[in-house]
Amino acid sequence: MPKGCQAIMTYASTEPAPPPVDGYIMQAPTSDRETAGLLMPQDLLSASLEYAGDLIAKGKEKTIMPASFIPSIITSPVTAYRWYSLASVGGDDDFFSSDLPTSALQFTFGRLDKPMLILMSEKDEMVPLTVDKELLLGRWVKAIPEGLTSEQSQIITTADHELSEERVARYFVGLVVEFLKELNKEPAGAPLKVCQPCI
């Protein structure tokens, strides 16, 4: 389940005065809430969120969730707060769900202040088949302040979540290089600052 794309949104929308960067790159941004729905039966997901919510209400948000309540794809320990923030409706990390209202996007994508490259994957196995990626990308782009979305932003044809095909990976790298060239159109000697964990 993705972390880097969430880091971008947290960095840009909730940090009071984050260190400056020149741009952001999102590779395969996906909703952890919707992914959880693909990886777990609905009754188990609901039970896990109820369990996590109870712990949070008792002030035990740092308690590690039982492995039986977490998808097997997640191999690291997950706290009750972290799980609830990822998998609950409107959780603190619920940035990319396809059913979020426009008002929610304004508080996340709408607060971006630097150029953004968004590269979604056409065959992303972490995204429900019911999600209209073209529509979703369009909503994100519309929420981002005018002029900040890179023209390179797109849905990469045949790409899966991890860009496992070499041809696709090379195409992705090419898009990133072009984006970095755009960012580097600064006065000679100006350092290029990119948030490395967010790529």
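The values are calculated or read from the model by the stated rules, or taken from the named source; none is laboratory data. Bear in mind the structure is a predicted one, so any value in this text is a computation, not a measurement. Quick reminder, even Gly has a Cβ in these numbers, built from the backbone with ideal geometry, and neighbours come from all protein chains shown.
Figures for the structure shown
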read-out	value
Qualifying positions in region 72-87 - surrounded by fewer than 19 Cβ atoms within 10 Å (Cβ to Cβ) and in a loop (DSSP other than H, G, I, E, B)	72, 73, 74, 75, 76, 77
Matching residues in region 88-124 - criterion: being in a helix (DSSP H, G or I) and hydroxyl-bearing (Ser, Thr, Tyr)	102, 103
Residue match in region 47-69 (condition: within 23 Å of residue 131 (Cα to Cα), free of Cβ contacts under 8 Å to residues at least 24 places away in the same chain and either surrounded by 12 or more Cβ atoms within 10 Å (Cβ to Cβ) or out of contact with any Cys (no Cβ under 9 Å at 6 or more places or on another chain) (or both))	no
Among residues of region 129-162, those that are over 28 Å from residue 107 (Cα atoms) and either touching a strand residue (DSSP E or B) at 6+ places or on another chain (Cβ under 7 Å) or without any contact (Cβ under 8 Å) to a residue 24 or more places away in the chain (or both), counted	2
Given (1) part of a strand (DSSP E or B); (2) at positive phi; (3) not acidic (Asp, Glu), index of the condition residue 24 fails	(2)
Any hit, region 29-39, residues being in contact with a His (Cβ under 8 Å, 6 or more places away or on another chain), modelled with pLDDT of 95 or more and assigned to a loop (DSSP other than H, G, I, E, B)	yes
Residue satisfying all of: in region 77-113; in contact with an Asp or Glu (Cβ under 6 Å, 6 or more places away or on another chain) and not small (Gly, Ala, Ser); nearest to residue 181 (Cα to Cα) among these	86
Filter result (surrounded by fewer than 16 Cβ atoms within 10 Å (Cβ to Cβ), in a helix (DSSP H, G or I) and either modelled with pLDDT under 95 or of a type outside the set (Val, Ile, Thr) (or both)) within region 154-196	166, 167, 169, 170, 174, 178, 180, 181, 182, 196
Close pairs (7 angstrom Cβ cut-off, 6 or more residues apart or separate chains): surrounded by fewer than 21 Cβ atoms within 10 Å (Cβ to Cβ) and of a type in the set (A, V, I, L, M, F, W, C) in region 8-28, at pLDDT below 80 and not in a strand (DSSP E or B) anywhere	21/193; 21/195
Matching residues in region 115-130 - criterion: being closer than 18 Å to residue 35 by Cβ, aliphatic (A, V, I, L, M) and surrounded by 17 or more Cβ atoms within 10 Å (Cβ to Cβ)	118, 119, 120, 126, 127
